[in-house]
Amino acid sequence: MSRLVTPLERSTRDVHRAYQRPDEYLDRVAKYIPAEVVGGYVSLDGILASDSVRPVAAALLSFSGTAWAQTTTPEPAPVTPAPEAVSADLGVFVSAFTSSAGGIIFLICLVLAPLYVWVLARRAGTTVWKAQAFIAALAFLVWAYAIKGSVFFSNKALDAWTLAAFKVPQFYDPQVGAALLVLFSMVVAFYQPKAD
């Protein structure tokens with residue numbers, strides 16, 4: 001099974017796949033999720049959370065000026081009110097993702113999700129890939145949040161930004177993650193790409 005969604009109509013340039021039927025709803029649900037990138041993210045996030053890699057990661061990040069942040073905690077610590085210096089601007093939000101190793105891995109995987117779709121489309125010789133690449137990036141974002149990625153779960157900077165912006169003590173909420181995952185998967189599969 002190809003990881004690319006088969007479009008509704010065929011172009012004359014797409015002769016080698018001209019006799020395939022368009023993907024059904026459940027096929028699109030499976031193909032829109034960048035499972036390989038999500039699996040890689042889960043693995044890397046788990047490796048970063050292990051105690052044996054912390055000294056090595058701290059040393060590597062010290063070269064780039066990024067501080068090593070605690071990536072896992074058994075339970076979220078009670079959030080204290082944000083200091084007055086924390087504002088709700090976008091710069092603070094972006095720095096919350098770039099201030100830890102988990103955040104950097106998240107950003108790399110977020111870029112890899114649409115890039116992976118582009119590579120598959122290039123190998124298949126199809127031009128219908130842009131919408132699926134965008135959906136793959138969104139799907140990765142939803143999955144990373146729903147599986148309790150360390151960048152969302154134990155990021156003090158992100159929690160402080162959420163408190164300042166929305167008066168919510170934590171950015172990560174397991175109920176919101178589960179609901180987002182189910183709703184996104186159900187709704188996104190209604191999109192059927194069309195050739196050209």
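Do any residues in the range 171-184 that are modelled with pLDDT of 95 or more and charged (D, E, K, R) have Cβ atoms under 9 Å from those of residues that are exposed (fewer than 12 other Cβ atoms within 10 Å of the Cβ) and part of a helix (DSSP H, G or I), where the two are at least six apart or on different chains, and which pairs are they?
none
For residue 185, state whether it is crowded, with 22+ Cβ neighbours inside 10 Å, polar (S, T, N, Q) and out of contact with any Gly (no Cβ under 8 Å at 6 or more places or on another chain).
Answer is no for this residue.
Go through 145, 191 for me and flag whichever is modelled with pLDDT under 95, farther than 13 Å from residue 34 by Cβ, open to solvent by less than 60 Å² (accessible area, probe 1.4 Å) and aromatic (Phe, Trp, Tyr).
Only one candidate passes the filter, namely 145.
Among the residues in the range 108-124, are any more than 17 Å from residue 98 (Cβ to Cβ), without any contact (Cβ under 8 Å) to a residue 24 or more places away in the chain, under 15 Å from the mean Cα position of the chain (by Cα) and buried (at least 19 other Cβ atoms within 10 Å of the Cβ)?
yes
Please determine, by comparing only the residues of the range 21-52 that are open to solvent by 70 Å² or more (accessible area, probe 1.4 Å) and not in a helix (DSSP H, G or I), which one is modelled with the highest pLDDT.
Among those residues, the one meeting the criterion is 24.
Condition first: touching a Leu at 6+ places or on another chain (Cβ under 9 Å), closer than 27 Å to residue 26 by Cα and open to solvent by 20 Å² or more (accessible area, probe 1.4 Å). Can you find one or more residues in the range 159-171 that meet it?
no
The values are calculated or read from the model by the stated rules, or taken from the named source; none is laboratory data. Note that the structure is a prediction, hence the values are computed from the model and not measured. Virtual Cβ from ideal backbone geometry, glycine too; neighbours counted across all protein chains shown. Ligands, DNA and RNA are excluded from the accessible area calculation, which covers all protein heavy atoms including side chains. Shrake-Rupley method; radii C 1.70, N 1.55, O 1.52, S 1.80 Å.
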